[in-house]
Amino acid sequence: MDKLRIVGGNRLSGEVSISGAKNAALPILCAALLTPDPIVLRNVPALNDIHTTLKVLGQLGVKVQWLEPGVVQLQANEISSYEAPYELVKTMRASILVLGPLLARFGQARVSLPGGCAIGQRPVDQHIKGLAALGADIRVEHGFVVAKAKKLQGASIRTDMVTVGGTEQFLMSAVLANGTTVLENAAREPEVVDLAELLISMGASISGHGTDRIVINGVGQLHGTDYTVVPDRIEAGTFLCAVAAAGGEITLRNAAPDTMGAILDKLTEAGLQLETGSDWIRASMHGRPRAVGIKTFEHPGFPTDMQAQIMALDSIANGTSFIVENIFENRYMHVPELIRMGADIELDGHTAVVNGVQQLFGAKVMATDLRASASLVIAALAATGETIIDRIYHLDRGYERMEVKLKALGAQIERLRG
Ligand code: UD1
């Protein structure tokens with residue numbers, strides 16, 4: 001298993017190019033199932049989760065071809081199977097998103113239930129409830145969600161909580177349904193908006209995306225498109241936390257600051273100086289960060305996917321901060337690892353109290369999930385001495401060549417193959 005070796009203390013400087021958003025690309029790849037025409041997607045990051053999704057699609061019979069780095073062409077004109085097996089779904093929950101498109105276009109799907117994951121239980125009950133509302137005959141059998149429908153029918157769907165994946169599932173199901181579907185309590189995340197824009201470019205009729213009420217008028221068929229995936233706001237936010245922790249001055253290229261309001265506000269509060277253009281962000285940090293409290297919420301609130309990285313920053317900040325995780329029940333597994341590096345953090349249920357310390361110290365630590373891994377990288381960049389981060393396959397699921405990008409910014413970082 002690969003590890004990262006980081007020697008902290010170097011300030012960061014230079015430019016870094018932000019990749020396409022993993023969480024936008026995953027549903028967008030699944031949307032290729034909705035048309036027999038070819039779809040060309042640009043700005044697709046080369047990540048393990050993307051390769052897993054392409055494997056799932058390939059097993060269904062979708063033709064997948066990388067035209068050049070970052071550009072993939074998909075064509076679903078000869079589907080040979082309607083089943084996503086456990087072996088693939090268990091490694092990546094987002095594969096549940098083939099369910100809606102298969103059902104909408106072919107009237108049948110059999111997708112393994114994802115099961116729990118490191119950050120919590122993460123059920124898919126809302127996905128099932130919404131697809132049933134659209135007229136699917138849907139049940140759980142032998143660990144699979146099995147669904148059938150002659151033709152989905154437009155309906156009103158109100159989920160019990162805001163769900164990003166659920167909203168994406170219903171968007172991809174309702175675009176080919178008979179009549180109008182209204183999604184109430186819909187997720188407003190930029191990745192949901194990106195999926196809606198992709199579907200519109202394929203001929204779908206959707207309005208209200210980006211608000212909590214999305215209206216979809218079903219159409220008879222969708223056609224091919226050429227679409228560029230939105231930049232990754234979480235990757236961009238992670239690099240900003242890195243410079244806020246290590247100090248220095250960096251410029252992010254191919255970024256989308258208009259999708260990052262809550263993140264940019266908090267980092268400004270922490271003392272990071274920011275300048276933004278339509279697709280770039282310049283950030284400089286001098287001195288020690290100020291402690292900033294956060295409460296994670298659905299967009300446009302502070303994203304749960306940035307919680308761990310902000311905690312790493314707060315660990316070395318001046319003052320005490322309160323962090324409240326509202327979205328997932330078990331998303332503090334980075335805490336014991338940060339404590340191994342000298343952080344002073346107390347956990348009380350969903351709240352973490354972080355007393356900033358002057359200095360973190362390099363240590364051997366273990367990555368436990370994707371964003372937890374990123375928080376350890378940030379802590380290591382700011383720490384004195386050497387940190388070895390084990391199990392970085394978690395990091396590779398969501399960050400494209402992170403060590404290469406950080407090295408180019410002046411960090412002392414290397415991948416130890418093993
Ligand atoms: C997506 C993101 C993930 C991010 C999360 C919240 C992708 C691939 N992943 O995950 O990085 O952290 O949004 O912004 O885009 N829930 C249920 N039943 C359901 C669906 C969700 O109880 O049927 C709960 C979940 O357990 C969680 C909350 O609702 O507590 C929000 O989950 P959701 O927004 O669906 O997250 P994902 O789409 O899985």
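The values are calculated or read from the model by the stated rules, or taken from the named source; none is laboratory data. As the structure is a computational prediction, the values presented were derived from the model and not from experiment. Cβ placement follows ideal geometry from the backbone for every residue including glycine, while neighbour counts extend to all protein chains displayed.
Among the residues making up region 172-189, those that are more than 11 Å from the ligand (Cβ to nearest atom), under 22 Å from the mean Cα position of the chain (by Cα) and touching a residue at least 60 places away in the same chain (Cβ under 8 Å) are Met172, Ser173.
Tell me yes or no: at least one residue of region 340-352 is within 16 Å of the ligand (Cβ to nearest atom) and outside any helix (DSSP H, G or I). Yes, because at least one residue in region 340-352 is within 16 Å of the ligand (Cβ to nearest atom) and outside any helix (DSSP H, G or I). Annotation note: Cβ proximity below 7 Å between a residue of region 328-347 that is touching a residue at least 40 places away in the same chain (Cβ under 8 Å) and closer than 17 Å to His394 by Cα and a residue that is in a loop (DSSP other than H, G, I, E, B) and not small (Gly, Ala, Ser) (sequence gap 6+ or interchain) occurs for Asn330/Ile119; Arg331/Ile119; Arg331/Glu325; Met333/Thr368; Met333/Asp369; His334/Thr368. Residue-level check: of (1) away from the ligand (no atom under 16 Å from the Cβ); (2) in contact (Cβ under 8 Å) with a residue 12 or more places away in the chain, Thr159 misses just (1). Run down Ala379, Ala352, Ala383, Ala408 and say which single residue is over 20 Å from Leu313 (Cβ atoms), modelled with pLDDT of 95 or more and of a type in the set (A, V, I, L, M). Sole residue among the options that is over 20 Å from Leu313 (Cβ atoms), modelled with pLDDT of 95 or more and of a type in the set (A, V, I, L, M): Ala408. Just wondering, is there one or more residues in region 101-119 that are of a type in the set (Phe, Trp, Tyr) and out of contact with any Phe, Trp or Tyr (no Cβ under 8 Å at 6 or more places or on another chain)? Checking region 101-119: not a single residue is of a type in the set (Phe, Trp, Tyr) and out of contact with any Phe, Trp or Tyr (no Cβ under 8 Å at 6 or more places or on another chain).
Test Gly130 against the criterion of being small (Gly, Ala, Ser), outside any strand (DSSP E or B), out of contact with any Cys (no Cβ under 6 Å at 6 or more places or on another chain) and modelled with pLDDT of 95 or more, and give yes or no. Even if it seems obvious, please write down each step before you answer.
Numbers: small (Gly, Ala, Ser): yes; outside any strand (DSSP E or B): yes; out of contact with any Cys (no Cβ under 6 Å at 6 or more places or on another chain): yes; modelled with pLDDT of 95 or more: yes.
So Gly130 passes the test.
For region 1-47, a residue qualifies if it is closer than 16 Å to Ala196 by Cβ and either within 16 Å of the ligand (Cβ to nearest atom) or part of a strand (DSSP E or B) (or both), and the qualifying residues are Ala21, Asn23, Ala24, Ala25, Leu26, Pro27, Ile28, Leu29, Cys30, Ala31, Ile39, Leu41. If you go through region 373-418 and keep only what is in contact with a strand residue (DSSP E or B) (Cβ under 7 Å, 6 or more places away or on another chain), on the phi > 0 side of the Ramachandran plot and among the charged types (D, E, K, R), you end up with just Arg391.
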